[in-house]
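Undergrad: I am attaching a structure below and will ask some questions about it afterwards.
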Amino acid sequence: MTHNTMRYSSSWIVFYYTLASPKRNTENKKEQQVSDRYPAQILIGGQVSRTTLSKTDPDETVLDVLLGMIATAQVSDEYGGASVEPDEATLMELVDENGWLRLRDEQAVNGEIPDLEELCHTEGIPFSRSCCCYGGYLGENVTWLPGMAEPLTILETDDGHEQVDGSEVRRALEMFHRYFNPYNEVVCLSALKDQALSILEGLCPTVPEVPKFEVIP
């Protein structure tokens, strides 16, 4: 982890980043074998209806298909615990102190819980799935809420620091250097600053918070 600090005028701009490409995790995962299994957890939130019919199975309600998928996915309420097969009466017992339905899989294939994630996406159920670093693979935090075109994936190191593309950070820093240079002859300074900020915001997007889980009529 590298710590870079810059000071311009009276403001401090601080960046923490790892100098490696975030594409590495995607490339490595394509090479993974089915036998690569390591712990993952998923936080499920939002409102789940006990009467609205499911998009996955029109003969079942959203709540019914979620309960069925939880059982099929063989997840647990704790790492190494027995698989849970909750019904509506016991589902809320799996909700943690923060109000999320928290489920774990100690032997998740490639650190993912794909069927449950896909169901949540299809039914419009917010979720956040995370897995730890494993071997040469980075940890992941994958978040999706209704309205998002694709899940947002944040890569992390063992100590919890987010990883971003160092070359892009350096490109943004160079733009800031040019912007804050009092002898700069560049005409469109505001455009230069906006471009640098756009790069940094793309590298470090705001992660939306998954709303609390609740069952509604």
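Undergrad: Could you list 92, 175 in order of exposure, starting from the residue whose Cβ has the fewest other Cβ atoms within 10 Å? Write out the running numbers ahead of the final one.
TA: On the way: 92 12, 175 22.
Ranking 92, 175 by Cβ neighbours within 10 Å, fewest first, gives 92, 175.
Undergrad: At a 10 Å Cβ-Cβ cut-off, how would you order 176, 127, fewest neighbours first? The partial results should precede the final answer.
TA: On the way: 176 17, 127 25.
With the sparsest Cβ surroundings first, the list reads 176, 127.
Undergrad: For segment 29-183, what is the convex hull volume of the alpha-carbon atoms per residue, in Å³? The partial results should precede the final answer.
TA: Values: hull volume 25.8 nm³, N = 155.
Hull volume normalised by residue count: 166 Å³.
Undergrad: Assuming R0 = 30 Å, what is the FRET efficiency of residue 122 and residue 78, from their Cβ-Cβ distance, to the nearest 0.05? If you can, show how the numbers build up before the last one.
TA: Details: r = 27 Å, r/R0 = 0.90.
About 0.65, to the nearest 0.05.
Undergrad: Where the convex hull is taken over the Cα atoms of segment 99-215, what is its projected area averaged over directions, in nm²?
TA: Values: hull surface 40.5 nm².
Hull-based average projected area comes out at 10.1 nm².
Undergrad: Give, in nm to one decimal, the length gained when the segment between residue 134 and residue 107 is fully stretched (0.36 nm per residue of separation minus the Cα-Cα distance).
TA: Working: separation 27, 0.36 × 27 = 9.72 nm, distance 1.19 nm.
Residue separation times 0.36 nm, minus the Cα-Cα distance, leaves 8.5 nm.
Undergrad: Provide the packing ranking of 195-205, 38-48, 135-145, i.e. peptides ordered by the mean count of other C-beta atoms within 10 Å per residue, highest first. Walk me through the intermediate numbers first.
TA: Numbers: 195-205: 15.0, 38-48: 21.4, 135-145: 18.1.
Result, highest mean first: 38-48, 135-145, 195-205.
Undergrad: Cα gyration tensor of segment 78-147, axes a ≥ b ≥ c as square roots of the eigenvalues: rounded (a/c below 1.5), prolate (a/b > b/c) or oblate?
TA: Numbers: a/c = 1.86, a/b = 1.25, b/c = 1.50.
Oblate, because a/c is 1.5 or more while a/b does not exceed b/c.
Undergrad: Going by average Cβ density within 10 Å per residue, which order do the peptides 150-158, 58-66 take, highest to lowest?
TA: On the way: 150-158: 15.2, 58-66: 17.3.
Packing proxy ranking, top to bottom: 58-66, 150-158.
Only the coordinates and a few stated rules stand behind these numbers; no lab work does. In this text the structure is predicted, and so the values were computed from the model without any measurement. Here Cβ is always computed from backbone atoms with ideal geometry, including for glycine, and neighbour counts include all displayed protein chains.
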